[in-house]
1. What percentages, rounded to whole numbers, describe P(r) for the stretch 6-231 computed over all alpha carbon pairs with 5 Å bin width beginning at zero?
2. For labels at HIS392 and LYS478 in the simple 7 Å Cα→Cβ model, what's the distance in nm?
3. Tell me, HIS203, HIS366, HIS121, HIS212 in order of fewest to most beta-carbon neighbours within 10 Å?
4. Can you pull the Rg over Rh of the stretch 303-419, Cα-only, Kirkwood?
5. Just going by the charge dipole of the chain, with Lys and Arg at +1 and Asp and Glu at -1 on Cβ, which of VAL494, LEU108, PRO387 is farthest out on the positive end?
6. Loop only by DSSP, 12 or fewer other Cβ within 10 Å of the Cβ. Give me the chymotrypsin sites (Phe, Trp or Tyr not before Pro) in the stretch 462-509 that pass, ordered by residue number.
7. Which listed residue (TYR63, PHE132, THR451) has the Cα farthest towards the positive end of the charge dipole for the chain, taking +1 on Lys and Arg C-beta and -1 on Asp and Glu C-beta about the Cα centre?
8. How far apart, in nm, are two points set 7 Å out from the Cα along the Cα-to-Cβ line at ASP86 and at GLU278?
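All of the numbers you see were taken from the coordinates with simple rules; none came from a lab. Everything numeric here is computed off the predicted structure, so don't read it as measured data. Cβ coordinates were reconstructed from backbone atoms using ideal geometry, including for glycine residues, and neighbour counts include every protein chain displayed.
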Amino acid sequence: MDSPRASEALMEFAEKLTKYDIPCSGFQMSSGYTMSEEEPRSRNVFTWNKHRFPDPKGFCDEYHRRGIRLIANIKPYVLANHPKYDDLAKEGAFFTDPRTGKTGVARLWSAGGGTSGEGGHVDFTSKAGYDFWYNGVKELRKVGMDCMWNDNNEYLLPSDNWQLALESSATTEGTIPDTDPDRKDTGLWGRALHTELMGKSSHDALLEVVPHERPFVLTRSATAGTMRYASSTWSGDNVTSWDGMRGANALSLNAGMSLLQCYGHDIGGFEGPQPSPELLLRWVQLGCHSPRFAINCYKTGNDSFAGDLLKDGETQYWLGDTLLIGGVYEPGVREAKVYLPKKGSADPGFLNTNAPYQHLPAGAWHTIASPWKGSIPVIARIGCIVPVGKDHQVVAPGDKTNEANLPADDMRAVEIFPTPGDMSDGRTWYSSTWLEDDGISPPPVKVAQFTFSYTASGTEVSIRFQKDIRAFEPPWVKKGLTVILPVGDGRVVVSDYGDAIEARGQDEGGRRRFHIVAADQ
């Protein structure tokens, strides 16, 4: 936005987050901040539009004061009207077209839907190209952009025969010597190499500027090795539709099995019509159970690939090993069907975490009430736990600055799901383990380990809590751990190890709470 200025509109957005008590720990800056101010207007990587953002560092500082980290969109090509294009071309920073012996020129996305301009792809195997990128990321980090969003890195080149420089030390770092050292064509291997080198360059540059923080790189594409450097990705420009929302589940499940764990989708859809309030809310209900939650849209019309959608995606998925998430994928529907898998003949089943909070047998389909202004199905497996913290944004224990003066992460509780009283024998123990670190430090990371076990009878729930905090002690440990029973469970919690247990009454949802008092209290 030019009027009002984008920076002003984003500050208004930040005020609304505060007004409506919406937590936001990170904001993705799309490439509009790089839009040139003069014609031909295009998005020029590592530049700032000083009309939209007169004071980039001041803008970043203000977002940091609100506890919001910033993710900068960066694209691995340079358009011909970029202020550094000519110099980079002379230095050999781009691929070479063997037909001309000069910079390979391609049509590149430049300003918005359907717009393009001529330019060159950065050759990360060239010293000039790698250094340009590395230094550009460093400068963005110094201004206040905390994370990098490696975008458009599929390398859609017009020719497989464009030549690589293969001179940057990053090209051969840690690799087996090439059996064909004279091969310099891009082909498939060259494209994969560049997607990975882009990830490495962004990762290493961030780490150099702030050595005590683990880098965060979001990548649009990845090879088998890219996730060494990038920690998150997403499904790309999806379509606003009920089928588009449903089909995204299958993509997430496949991504998780392909080592892309921090994966998600553009909530509400990127292309197509504006979502109805019902569709948007259903998508938010699904998205808040996703490792990556971002609302990112660019509406270009009502029929972008409208007839070419994945419609038969999975309708449910696991969130960790405790919660099974269902969904509603059609308008006007107020209930959902979920299948609850059975684990052995003695499987105790599941509990509905929403009203009417019923016990649900395993190995069967169930119809779950799902009013669209209420919730989608969130079903808990009996015998598991969900560790939880405060219900608002907190500072990571390893954060050395805490510009937003966020409260400490000094509360931990476990929501447990014991067998109903009439099914409990007091002998079957269930156990779960979770790990914590300081949330900031780069590898090697010091980790704390916690194991929580419980069994239930008709009148009480016995617990065992073990912790290994020799390497790292989270700030909540000295305050003890709270145990939260399901709604309607009237049993008491006792310690099998003799720990002191205090009854803490009910929370606002009507769940009884019991606190394991820390030894030094």
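1. Distribution as computed: 1, 7, 14, 18, 19, 16, 11, 7, 4, 2, 1, 0, 0 percent.
2. About 2.3 nm separates the two model spin labels.
3. Details: HIS203 24, HIS366 18, HIS121 27, HIS212 11.
Going from least to most buried by this count: HIS212, HIS366, HIS203, HIS121.
4. On the way: Rg = 18.6 Å, Rh = 17.0 Å.
With Rh from the inverse mean 1/r over Cα pairs, Rg/Rh is 1.09.
5. My answer, from the dipole projection, is VAL494.
6. On the way: sites: PHE465, PHE472, TRP476, TYR497; in loops: PHE472, TRP476, TYR497.
Listed in order of number, the matching sites are TYR497.
7. THR451
8. In this crude spin-label approximation the distance works out to 5.9 nm.
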